[in-house]
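Each reported figure results from applying straightforward, stated rules to the coordinates on display, with no laboratory input. Just so you know, these numbers come straight off a predicted model, no measurement behind them.
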Amino acid sequence: MDIVAGIFLIIGAFFVALAGVGVLRFHDTFSRMHAAAKAPALGLLCIGVGTVLSIRTVPATVVVTLVVVLQLLAGPVSSHLLGRSVYYRARPDLQGRDELLDVTDPESDPNG
């Protein structure tokens, strides 16, 4: 069981490291947000499973499950807020149709 836990921990660490490389290598904000939101979620899940398999106690399982669930809930919310903030502040040159412009009014932005 320790070998399986180690494999999960290594895979999780790989995905988290891959996300860090993506954040450093990508050029625009939206690509960086994608790298910072998607890969760490899978990495965190794998690290959580590896930790639970390694420790094998009920309190540790409860704590790790709580940490993973809360992180998986907070990640998409923070990415959405960051993306909306970048859209309002920078008005990036989007290729094609700007669907967000159709449903929002720039003058209604409280940040100006």
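Length available on full extension from Phe26 to Leu81: 0.36 nm per residue minus the Cα-Cα distance, which gives 17.8 nm. Normalised size of the stretch 1-65, defined as Cα radius of gyration per 2.2 N^0.38 Å with N residues, equals 1.29.
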